[in-house]
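The values are calculated or read from the model by the stated rules, or taken from the named source; none is laboratory data. Everything numeric in this text was worked out from a predicted model, so none of it was measured. Cβ placement follows ideal geometry from the backbone for every residue including glycine, while neighbour counts extend to all protein chains displayed. For the accessible areas, the whole protein counts, side chains as well, though only heavy atoms, and no ligand, DNA or RNA atoms are used. Shrake-Rupley method; radii C 1.70, N 1.55, O 1.52, S 1.80 Å.
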Amino acid sequence: REGAAAVEFAVVAPVFFIIILGIVEISRGLMVMGLLNNSARIGARTAVLQGKSNSDVTSAVSASVSAVGLSGTTTTVYVNGTVADISSAKTDDVIGVTVSIPISSISWVPNVRFLTGNITGSAYLLRN
């Protein structure tokens, strides 16, 4: 009977630690999604102003994303659902901004070959 607790711990500990690590990774992904949604909202608020261009939106999003320590994002600007330059947008057009980042670049797990895809945040506003 000696060492039974050590054997039980050796069996249960890896499963327990994998579950905890999974919870941490999912939480990190949800946190990054919130940060990307906020950055997209900042970009959309910039985009609806008259006289702004796509580069102004990209700069606003990049500043917001880098302020929270993320890098490697892709920003896409939409006018009425299609990728376009916001200088062509008219009053009451829907302007959208989507910001995405590869999951592998935000993961805290080393060697994340099994994590593929992107996390995306988006925001849509009407041009005044």
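Note that the range 17-65 shows a convex hull volume over its alpha carbon atoms of 54 Å³ per residue. Entry note, the chain: the mean residue ellipticity at 222 nm calculated from DSSP H runs of n ≥ 4, each adding -39500 (n - 2.57), is -16500 deg cm²/dmol after division by the residues and rounding to the nearest 500. For the range 1-110, the set of GluC sites (Glu not before Pro) satisfying both a DSSP loop assignment and a count of at most 11 other C-beta atoms within 10 Å is given as E2.
Quick one: if the Förster radius is 22 Å, what FRET efficiency do Q50 and Y124 give, using the C-beta to C-beta distance and rounding to 0.05?
So, using R0 = 22 Å, E works out to roughly 0.80.
Helix 54-67 axis versus longest C-alpha principal axis of the chain: approximately 30°, rounded to the nearest ten. Take S27: with every protein chain present and a 1.4 Å probe, its accessible area is about 70 Å².
So what is the accessible area of the range 39-128 per residue, in Å², with the probe set to 1.4 Å?
55 Å²
How far is helix 4-47 tilted, in degrees, relative to the longest principal axis of the Cα atoms in the chain, given as a value from 0 to 90 rounded to the nearest 10? The answer is roughly 10 degrees.
Between [x] 135; [y] 87; [z] 108, which entry matches volume of the Cα convex hull per residue in Å³ as derived from the coordinates of this structure? Recomputing volume of the Cα convex hull per residue in Å³ here picks out [z]. Net length available on complete extension from N37 to A63 is 8.0 nm, with 0.36 nm assigned per residue and the Cα-Cα distance removed. The fraction of accessible area contributed by carbon and sulfur in the chain is 62 percent, rounded to a whole number (1.4 Å probe; ligands and nucleic acids excluded).
Across every pair of non-identical alpha carbons in the range 1-45, the mean reciprocal distance, once inverted, gives a Kirkwood radius of 13.4 Å. Spin-label model, A13 to S71: label points 7 Å out along the Cα-to-beta-carbon direction sit 3.6 nm apart.
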